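Below is one structure, written out as structure tokens; comments come after it.
The values are calculated or read from the model by the stated rules, or taken from the named source; none is laboratory data. Worth saying up front: this structure is predicted, and the values here are computed from it rather than measured. Neighbour counts are summed over all protein chains in view; Cβ atoms, including those assigned to glycine, are modelled from backbone coordinates with ideal geometry. Note: accessible area is taken over every heavy atom of the protein model, side chains too, but ligands, DNA and RNA are not part of it. Shrake-Rupley method; radii C 1.70, N 1.55, O 1.52, S 1.80 Å.
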Amino acid sequence: MLTAMLLAASIALSPARSTVDEPPNAPMAAIGSDLLAGIGGEVPVFGTPGVLAVWGPDATVVITASGDRDARVPLAARSVMGKGRVVCFAHTGYVGATPPGPATELLVRSVQWAARQDGPLRVGIIGSDGRDTLAAALGPGAVVASLSSEWHDSLNGLSCLVVSGWRLNDGDLAVLKAFIEAGGGVVAGQTAWAWTIPPGKSLIDNPLNRLMAPAGIAWTGGYSGKTSQKGLALDAGPAELNASKALDFLLAEPKDASRRDVASLSLTAAARMLPPSDDLLRPRLATLLEARRDGVSPSEKTPLRVRDAAARALLAFEVADLASNPSPKAHRAASSFPGSVASDASVVAVTRAINTGVGGWHSTGAYAAPGSPITVQLGQGVNPTGMRVRIGCHEDAIWHLREWKRVPEVAMEVDLRLGATTVTSPFGGLVYISVAPDAKARTVDVTIEGAHEAPFFERGVTTNEAWMKRRQAPAPWAELASSKVILSVPSEHVRTLDDPEALLAFWDRIMDAMADLAGIDRVRPRPERYVADVQISAGYMHAGYPIMTHLDAAADMTSLERMRTGPWGLLHEMGHNHQSGLWTFEGTGEVTCNVFAMYVLETVCERPWIEGHDGMKDRGRKIAGHNAKGRSFEQWKSDPFLALQMYAQLVEGFGWQPFKDVFADYRLIPKDKQPRTEQQKRDEWMLRMSNRLQRDLGPFFEAWGVPVSDQARLQARAWPDWMPPEMAAAK
């Protein structure tokens, strides 16, 4: 518990307010501090907006969006810097060619507030196509100019700049900073989550974040959305959305759970975005962290929950500091997860030949101990473009979850440099060479020094005999790899595994079956990956690269006997990785992936797919209930295992070959002919399957309540009707 002494220490270190010529919360010219006043209607949402972190003492949230757990998060904020003013938006759409209406009104009021006037303005625009829109909205007398790439000498006489995006260099930032501090206004917008693609870049280094940090505003990597049916309600949210005020609130040990949740989220977000130079909030957090001599260490047995708001924020602050430190010490929580290496374990040098024609993570069989530097050595003259070193397979960041069973972010990636690159992870992990998907194909020898051996079996390379020794390697995480799939699991699951060759051979059969059904080549551009984790970002498992699972799935993944039973969850997630949006229409996202699970169960595991999951059983009751409720499409969409019965009936009626043929045919559709709307997707699926089966499936779709257009129904009538007996009886 944070004591009154800590509260006093924190207040003593509170920074002084920035100096401005009038109080930030007083009316300024004709535009007061409430930029939403007088705006007619809700502000629309453009694309997928981001989220701001706000912590400056003069910074105020303008409008909120809906973030994780439906919590209100800052979408726009305003502050002061020197003699100038800034307004920040978490999407470029709000500073671009906004359509007439509330969004344009908000932009105009933001420009007027930043410029300190509502009369004729001289506004420059950088990186946006919104000149005509803004000029019309500002009215007669306003001058709005789109500035060229050589805009540094074009600022004289301008009262405000509108800046869109992050394409700013150091020189640009210096000019903008001087412009603001001298009294100019800047209204800026960016979609910051897009800046983090590809991964590995720190948002603290984002150009607009570097510019706005002195004002106490930053763009985070989060996502946000609507707060109302139409868009964004005109709501600036609670005071605790400002992290400095949130800290004051939390230090008072509040009982109000809802305000505490808001304060926790906003303070955690800001703590992750503070640059080393910050003197607004960083000194307070550093003092509080230093006072916690026991540190902050979440674990599976002692998780950090939302009610531990101050501790969560301090952990976020500490993790961000470690990420910016080139030589961090081991974090105290690393011993809990992902795990430590015995102090007497031997350090080795590992050399791997990396084929850069294969994108993604290349396993090395090396493990970096927490806080121990490793050096990645490239051959002389090797250009490292498109290559990065990665430590840690646990990709999921779990900052948004209400409970943390581990540190929310434990993996890291950095660019490789010419010659040698030394990197240290405070959490440790398996070592990979990460290759960009567009990297030039070549073979590069990479040597990793200072690491430890991990249990690592590579099908076609490692013999079972060699494995008997390698499985006892000291690293706490192991990998079993083939050219089709790689399994990352705690080493305890493989210490007694005698025949990884047979296990991976079975896994390869699963992967080939998935490829056959999807209509793709069995030779994969890169192996798929499964990673077990103590806590993941969403669900019990989720698809992606890698597929993330909880730790209990590792027992299935590493047992040939268990894999032969066809663990539905593992097959379901791999099915997701083989789905196509062209034939996965609304309501079938959790359905068509299960078609792949059914296929593997039947063809590889040699088990009836009806036994694969409890949801597959009792079809008669499901169909009867669907009919009794009027065969509603909404009902069909809401129950994945009800919807799956429709696909199962087609399999029972015609076998698997029609699915293979139709899935393959979809891949040949020219891009300009692909179905785009949900109606088009349903029509396309019904017609393509009807034509392949030479049966009219229109009545079948109608019996299930899945709507297709009259035009599609008419085309399918070239074939005779088909209806499975149980649907005919029910109808």
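For this structure, a couple of remarks:
- Failed condition for Asp396, given (1) over 20 Å from the mean Cα position of the chain (by Cα); (2) over 24 Å from Asp294 (Cβ atoms); (3) at pLDDT 95 or above: (1)
- The helices (runs of 4 or more DSSP H) found entirely in region 507-623 that carry 3 or more residues being buried (at least 21 other Cβ atoms within 10 Å of the Cβ) are 553-557, 568-576, 592-603.
- Given (1) modelled with pLDDT of 95 or more; (2) open to solvent by 30 Å² or more (accessible area, probe 1.4 Å), number of the condition Asn209 does not satisfy: (2)
- The residues on offer are Leu234, Leu267, Leu250, Leu274, and the sole one that is open to solvent by 60 Å² or more (accessible area, probe 1.4 Å), under 20 Å from Gly67 (Cβ atoms) and of a type in the set (A, V, I, L, M) is Leu234.
- Restricting Trp609, Trp583 to residues that are more than 17 Å from Trp507 (Cβ to Cβ), aromatic (Phe, Trp, Tyr) and touching a residue at least 60 places away in the same chain (Cβ under 8 Å) narrows the list to Trp583.
- Top-ranked residue of region 253-288 - restricted to ones that are assigned to a helix (DSSP H, G or I), small (Gly, Ala, Ser) and touching a residue at least 24 places away in the same chain (Cβ under 8 Å), ranked as farthest from Val80 (Cα to Cα): Ala257
- Search result, residues across region 85-123 that are without any contact (Cβ under 8 Å) to a residue 40 or more places away in the chain, among the hydrophobic types (A, V, I, L, M, F, W, C) and outside any strand (DSSP E or B): Ala97, Val108, Leu121
- Residue match in region 219-229 (condition: buried (at least 24 other Cβ atoms within 10 Å of the Cβ) and over 22 Å from the mean Cα position of the chain (by Cα)): no
- Among the residues of region 400-456, just one is of a type in the set (Phe, Trp, Tyr) and either in contact with an Asp or Glu (Cβ under 6 Å, 6 or more places away or on another chain) or at pLDDT below 95 (or both), namely Phe456.
- Remark: Gly189 matches the filter, which requires a residue to be among the small types (Gly, Ala, Ser), in contact with a helix residue (DSSP H, G or I) (Cβ under 9 Å, 6 or more places away or on another chain) and closer than 19 Å to Ser146 by Cβ.
- Qualifying residue in region 383-394 (condition: open to solvent by less than 40 Å² (accessible area, probe 1.4 Å), touching a residue at least 12 places away in the same chain (Cβ under 8 Å), over 23 Å from Leu203 (Cβ atoms) and not in a loop (DSSP other than H, G, I, E, B)): no
- Members of region 62-83 found to be outside any strand (DSSP E or B) and either on the phi < 0 side of the Ramachandran plot or among the small types (Gly, Ala, Ser) (or both), listed by number: Gly67, Asp68, Ala71, Gly82, Lys83
- Candidate set from region 297-353 (those that are touching a Lys or Arg at 6+ places or on another chain (Cβ under 9 Å) and among the basic types (Lys, Arg)); member that is surrounded by the fewest Cβ atoms within 10 Å (Cβ to Cβ): Lys301
- Just one of the listed residues (Glu479, Glu449, Glu409) is over 21 Å from the mean Cα position of the chain (by Cα), open to solvent by 70 Å² or more (accessible area, probe 1.4 Å) and within 26 Å of Gly371 (Cα to Cα), and it is Glu449.
The rows are residues; the columns are (1) within 22 Å of Leu241 (Cα to Cα); (2) among the hydrophobic types (A, V, I, L, M, F, W, C).
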| site | (1), (2) |
| --- | --- |
| Ala77 | yes, yes |
| Val80 | yes, yes |
| Val86 | yes, yes |
| Gly93 | no, no |
| Ser110 | yes, no |
| Trp113 | yes, yes |
| Leu161 | no, yes |
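- Region 64-111, residues that are open to solvent by 10 Å² or more (accessible area, probe 1.4 Å) and closer than 22 Å to Ala178 by Cβ: Gly82, Lys83
- Of the candidates Glu684, Glu726, the single residue that is open to solvent by 30 Å² or more (accessible area, probe 1.4 Å) and modelled with pLDDT under 95 is Glu726.
- Any hit, region 135-149, residues being open to solvent by less than 10 Å² (accessible area, probe 1.4 Å) and either closer than 18 Å to Gly189 by Cβ or acidic (Asp, Glu) (or both): no
- Residue within region 698-705 that is surrounded by fewer than 18 Cβ atoms within 10 Å (Cβ to Cβ), of a type in the set (Asp, Glu), free of Cβ contacts under 8 Å to residues at least 40 places away in the same chain and out of contact with any strand residue (DSSP E or B) (no Cβ under 8 Å at 6 or more places or on another chain) present: yes
- Flag if Ser202 is more than 30 Å from Gly392 (Cα to Cα) and small (Gly, Ala, Ser): no
- Restricting attention to region 277-296 and to residues that are open to solvent by less than 40 Å² (accessible area, probe 1.4 Å) and either among the basic types (Lys, Arg) or more than 30 Å from Asp205 (Cβ to Cβ) (or both), the residue that is nearest to the chain's Cα centre (by Cα) turns out to be Arg282.
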